[in-house]
Amino acid sequence: LPTASPHFSWTEARCKCGGRYALCRTIRVHRALWQSLEDLRAAHYGRGLPLISVYRCPGRNAEVGGAGLSQHLAGLAADIPSTVKSSRVRALKAFGGIGITASQDTVAHVDRRDLAGGPSVTNPATWFYN
């Protein structure tokens, strides 16, 4: 398909390494993540939701200091502009993991770790970035 979902393109999701690493698949995203991002966009990003990072190959993940078992490696995560309060994102019940910018209580990372056997969308894992 030319687009991944009604408002997101495949090129937005590809690994930012540009194929520099041998194991780079360039695009790997779970369909449920797209739907959750569409829900988030509809609720809180009326002018559009730019995606900072979605899929990361192992090399790129290491390069940026990502967690060893990062949800980005499985195409289950997205880094987003940190503008929406965490309570509003939690209320959507669309993500199993939510990374929060501590100083502003805004969300910078969302994921669907619930699809990999992690916490549920009704009680997501949360953590804070400094």
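The values are calculated or read from the model by the stated rules, or taken from the named source; none is laboratory data. Computed from a prediction, not measured in an experiment: that's the story for all the values here. Methodologically, a virtual Cβ is constructed for each residue, glycine included, from the backbone with ideal geometry; neighbour enumeration extends over all protein chains shown. SASA here: full protein model, heavy atoms, side chains in, ligands and nucleic acids out. Shrake-Rupley method; radii C 1.70, N 1.55, O 1.52, S 1.80 Å.
Out of all the residues in the stretch 94-108, which are of a type outside the set (A, V, I, L, M, F, W, C), surrounded by fewer than 16 Cβ atoms within 10 Å (Cβ to Cβ) and touching a residue at least 24 places away in the same chain (Cβ under 8 Å)?
The one that is of a type outside the set (A, V, I, L, M, F, W, C), surrounded by fewer than 16 Cβ atoms within 10 Å (Cβ to Cβ) and touching a residue at least 24 places away in the same chain (Cβ under 8 Å): SER103.
Can we say VAL84 is more than 24 Å from CYS57 (Cβ to Cβ) and in contact (Cβ under 8 Å) with a residue 40 or more places away in the chain?
Spelling it out, VAL84 is indeed more than 24 Å from CYS57 (Cβ to Cβ) and in contact (Cβ under 8 Å) with a residue 40 or more places away in the chain.
What tally of residues in the stretch 109-124 results from selecting those that are touching a residue at least 24 places away in the same chain (Cβ under 8 Å), over 10 Å from GLN71 (Cβ atoms) and surrounded by fewer than 20 Cβ atoms within 10 Å (Cβ to Cβ)?
The number of residues fulfilling the criteria is 3.
Answer yes if at least one residue in the stretch 83-93 is under 18 Å from PHE128 (Cα atoms), open to solvent by less than 70 Å² (accessible area, probe 1.4 Å), outside any helix (DSSP H, G or I) and β-branched (Val, Ile, Thr), and no otherwise.
yes
Checking VAL107 against (1) in a loop (DSSP other than H, G, I, E, B); (2) closer than 23 Å to HIS7 by Cα, only one condition comes out false. Which one?
It fails just one condition, (1).
Name the residue that is surrounded by the fewest Cβ atoms within 10 Å (Cβ to Cβ), counting only residues in the stretch 67-82 that are within 14 Å of TYR129 (Cβ to Cβ) and more than 11 Å from the chain's Cα centre (by Cα).
Filtering first and then ranking leaves ALA67.
Please go through the stretch 53-83 and pick out each residue that is among the acidic types (Asp, Glu) and under 14 Å from CYS24 (Cβ atoms).
GLU63
Which one is nearest to PRO81 (Cα to Cα), of the residues in the stretch 42-51 that are assigned to a loop (DSSP other than H, G, I, E, B) and free of Cβ contacts under 8 Å to residues at least 40 places away in the same chain?
Per the criteria, the residue is PRO50.
Of all residues in the stretch 1-41, count the ones that are more than 13 Å from ALA74 (Cα to Cα) and assigned to a helix (DSSP H, G or I).
Summing the residues that are more than 13 Å from ALA74 (Cα to Cα) and assigned to a helix (DSSP H, G or I) in the stretch 1-41 gives 11.
Taking the stretch 20-63 on its own, how many of its residues are open to solvent by 70 Å² or more (accessible area, probe 1.4 Å) and hydrophobic (A, V, I, L, M, F, W, C)?
Selection size over the stretch 20-63: 5.
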